[in-house]
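These notes concern the structure reproduced below.
The values are calculated or read from the model by the stated rules, or taken from the named source; none is laboratory data. On a predicted model such as this, the values are computed, not experimentally measured, just so you know. In this analysis, Cβ positions are derived from the backbone assuming ideal geometry, glycine residues included, and neighbour counts consider all displayed protein chains. In case anyone asks, the SASA skips ligands and DNA or RNA and just uses the protein heavy atoms, side chains included. Shrake-Rupley method; radii C 1.70, N 1.55, O 1.52, S 1.80 Å.
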Amino acid sequence: MARVILFLLLSLLTSFSRAAQDSSDPVSQALSQGDLYQSKRKYELALDAYHKADKLSHHSSPVCYLKISAVERKLGDFSSALDDAKRAVKAAGDNKSVALQAHLLRATLLTQMAGKPTDKKLKEAEEELRQALVLDSTFPITHYNLGVVLLKQERDADGIAELNIFVGSPSADSATVSEARRIIANPIRVRAPFAPEFSFTTHENQNVSNAGLRGKVVLLDFWGTWCPPCRESLPILRNLNKKYAGKPFQLIGVSSDDDEDVWKTFIAAQHMDWSEYIDLSEQVLQAFKIESFPTYIVLDKDGVIRFRQSGLSDSTQGELEDAVNKALKRESNPKLAAAAAAAPPASDASASRPAPPARNTETPAADSSTPLFGVEAGTISGGVYKNDALSISYEFPRGWLAAQPESLHALNDRSEAAAKAAVLQQHPELADSLRFSVPKIVFYASRKGEGDGQRLGLPSLRISAVPSRLDSLRLGNFQQMMDHLAVASASKLSAPASEYLVNKHQFLRADFESTSATTHLYQSYVQTLSEDYLLTIEIFASSPAELQQVAASLQSMSITEDEP
């Protein structure tokens, strides 16, 4: 059974819980609600929540305008996004950090909207970036973006100078440094939009990568079973796959789903007999900067992006056919082919930097040579889980199999890196100052030993911990969070929030049920406090009776934190 609730969503929900417990500020609550909707790609609802926050702030909050602009960008409304980013600059006043972020967002939008090198939008983007440098000349990504904009204007000397400043920054992102060096060596990489580096293994066990696809025209379909326009587009994709059979063409679907069983069932039922991949790590989605669904990208024989479109309309099939036909007719360009195949220069400083996470959806191998500490250093013996850092002891259901703490530690590291990357993609100005707590999975067990703590079996139980300053939990705030969770996860709240004691310790619980193409899922969401941590206990089951049986095992949990 694949993941049911994304780990990043759990992080957002926990952050929302802390905010709800600590503050009753209606603007913050509306923003948190918008963030939750946005995390589940419910962009229209997110926009409504952000507009509500803007109204409550009397149109004075630059953060509201920034969030509105970011969602409008995802919805493809670039004109409105530009206007709201401009309002964010004005509302920011002396807040240099927010103003910097707004300038960067406007520059990104203008660059995406620009066409030829003489397009006025590139000059406007350059001006936005220069204003950002006035606010902070040391921020690395501004120099990178400015270098790209200058190169797009065919001002190579100035552009390369900015990229060199970026490369020399000690806090520059290693992956972007690698790409900057490739651009410096061959500026054509900016003027011809090459596809980012990617590699994965499809459902059909085919290895797909940039190098392996060269010489073919590729249509990438970024979609999800949850997305109505994506489902409506299937006849178009079937027609295209049939029309170009026998030609140097390949259709590849990249799914945004987080439930692998639902995905497999759907592609089988719909006879999607082209290459399909489920991007559970979201690394391919992030590499291509996919923010709305469906998104179609056509790569030519040299790996250059020749067409990109989000959404579905009556003209989509014709536009895709036109893009594919043109790419098939286009002969390979030796200069582009050389630039696409070129590896980063040997002097690439990124060689000494940490490597990015491997593109692997399986449980990473644990490094047994590194001892665990803190909340991750739990022990499992004789069907009992103990965690000294959390002062808890829990006798999990008899016969169940528990994941080893070392494997959970590896998953936590990967999830934290992915969460930070997701934040920095939207807010690169936080690269030098980003500090946040991602919940750590400290315990996972299932009846059959299925799952790994992120991809779940049925029935199963998962415990996560995140630092907290709370002295107690409030039932009303917990109920509010559960209401938002039900909407965001398209689940039914089958039992309202309730409060009870386990060995004289406060617990809060709410129950959900949801239906997918293959599964009827029952879930309990439980929270309690121990030491300086908020514990979230999630129970997943296939029937109400099974859910209650597993939940009853929590009565064995003992929390013996020291009195202050």
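General observations
- Per-residue ³J(HN,Hα) for the range 380-391, Karplus 6.51 cos²θ - 1.76 cosθ + 1.60, θ = phi - 60°, Hz, x for Gly and Pro: 10, 8, x, x, 10, 9, 10, 9, 5, 5, 9, 6
- Local net charge near V27, Cβ-Cβ under 11 Å (Lys/Arg +1, Asp/Glu -1): 0
- Mean Cβ count within 10 Å, highest first, over the residues of peptides 50-57, 192-199: 50-57, 192-199
- Ranked packing of 381-390, 95-104, most packed first, by mean Cβ within 10 Å: 95-104, 381-390
- Using a probe of 1.4 Å on the protein chains alone, the accessible area found for K74 is around 30 Å².
- Centre-to-centre separation between the Cα atoms of the range 50-121 and those of the range 216-240: 30 Å.
- Take each peptide in 401-413, 442-454, count the other Cβ atoms within 10 Å of every residue, and average; sorted highest first, the result is 442-454, 401-413.
- With N the number of residues in the range 27-111, Rg(Cα) / (2.2 N^0.38 Å) evaluates to 0.99.
- Residue-count net charge about S556 - beta-carbon cut-off 15 Å; Lys, Arg +1, Asp, Glu -1: +2
- Across the range 210-288, Cα-Cα pairs farther apart than 20 Å form 32% of the total.
- The range 122-267, dipole about Cα centre (Lys/Arg Cβ +1, Asp/Glu Cβ -1), debye to the nearest 20: 900 debye
- Residue-by-residue Karplus 3J(HN,Hα) for the range 205-214, coefficients 6.51, -1.76, 1.60, Hz, glycine and proline x: 6, 9, 7, 10, 7, 3, 4, x, 8, 4
- Within the accessible surface of the range 450-564, defined with a 1.4 Å probe on protein heavy atoms only, the carbon and sulfur portion equals 48 percent.
- Accessible-area rank, largest first, for H59, H271, H484, H520: H271, H59, H520, H484, with all protein chains present and a 1.4 angstrom probe.
- Debye, to nearest 20: dipole size of the range 215-332, +1 on Lys, Arg Cβ, -1 on Asp, Glu Cβ: 720 debye
- Taking all Cα pairs closer than 8 Å and separated by 6 or more residues, the relative contact order of the range 470-564 comes to 21 percent.
- Computed Kirkwood radius, in angstrom, where 1/r is averaged over Cα pairs of the range 181-226: 13.0 Å
- Distance histogram in 5 Å bins (all Cα pairs of the range 223-265, percent per bin): 5, 20, 24, 22, 16, 10, 3
- Backbone HN-Hα couplings from phi across the range 31-39 [Karplus 6.51/-1.76/1.60, Hz, Gly and Pro as x]: 5, 4, 5, x, 4, 5, 4, 5, 5
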